[in-house]
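See structure below.
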Amino acid sequence: MKKRAVLIVFWCIFFVRPITSPAQDLDLHLYPSSTYADFSRLTGQVIGSGFYHTAGIHSFPGVDFGVKAMFGFIPKENRTGPLKGANIIRIPMLQADVGLIHGFEIGGRLFKFKFGEKNAEDVMIASGLLKYNILKGLVFPDITVYSAYSRLTGINDFSLNICTIGGMIGKSLPLISVYAGGNYNFSRLDVRLVPKPGLYQSGYKKVISQDVAHYTAGVSLGLTSFTKVNAEFNMGTMKTITVGIILSIF
């Protein structure tokens, strides 16, 4: 059972292609500006998910390292503009968390990849995360709140900034952790298109702000004293699934 879970998670993480939009270089010049809001909101929800794998946090100097992959299933009505022809947004990430004193924990996520077929660009997604443990459960469940800031850069046409806030409740046992949470995303898409023949002959600049609430339920299964696999379901404007492998110390 455990070996099968590891193989499934390993395949999901290491054999995914980031931000799938077939045969596109995410050139926003090709699409009406009315489609940008969906792109901002949906991509923002995927990037703003998968921040935690338990409702508990590390005490100082506990750390964990992991690799995760987030999958966002795009509703048919939203498969327009930059998401035209795509069924799934896939984003793999590296993640680390460090326990501090007084109930705080900090974390970060990072992934850099080549995107595009003809004119590949170096795209980077980076996130910073701060958690605060309100209740550390021995008898009672763990309750933790958090805030995170994420940024997608490297594409000439735009940058995407996401602020995520939320809280989770859960219970951890020696071999299994279960949790549920609520999250709220604030996404800001900064579009800056240079003049080109077609839709934007005079260029185009605009800031598009979107927000979305999404809700999470997940489970982490211990493989050894230091390693676990994580699976999480998230529902908001779209449905997302996160899977990961985590090495945890203290």
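The values are calculated or read from the model by the stated rules, or taken from the named source; none is laboratory data. On a predicted model such as this, the values are computed, not experimentally measured, just so you know. As a convention, Cβ positions derive from the backbone with ideal geometry for all residues, glycine included, and neighbour counts pool all protein chains shown.
A few points about this structure:
- Residue in region 179-196 that is under 12 Å from ILE143 (Cα atoms) and either more than 19 Å from the chain's Cα centre (by Cα) or hydroxyl-bearing (Ser, Thr, Tyr) (or both) present: yes
- Test result for LYS114, basic (Lys, Arg), in a strand (DSSP E or B) and either at pLDDT 90 or above or over 23 Å from THR240 (Cβ atoms) (or both): yes
- Selection from region 47-84 of residues that are of a type in the set (Phe, Trp, Tyr) and without any contact (Cβ under 8 Å) to a residue 60 or more places away in the chain: PHE60
- Matching residues in region 210-237 - criterion: being outside any loop (DSSP other than H, G, I, E, B) and more than 18 Å from the chain's Cα centre (by Cα): LEU221, GLY222, THR227, LYS228
- Filter pass, ASP38 being acidic (Asp, Glu) and at pLDDT below 60: no
- Cβ-Cβ under 8 Å pairs, at least 6 apart or on other chains, region 200-215 side more than 13 Å from ILE162 (Cα to Cα), far side of a type in the set (A, V, I, L, M) and assigned to a loop (DSSP other than H, G, I, E, B): GLY203/VAL194
- Subset of region 60-76 that is of a type in the set (Phe, Trp, Tyr) and within 25 Å of GLY236 (Cα to Cα) - its residue that is nearest to the chain's Cα centre (by Cα): PHE71
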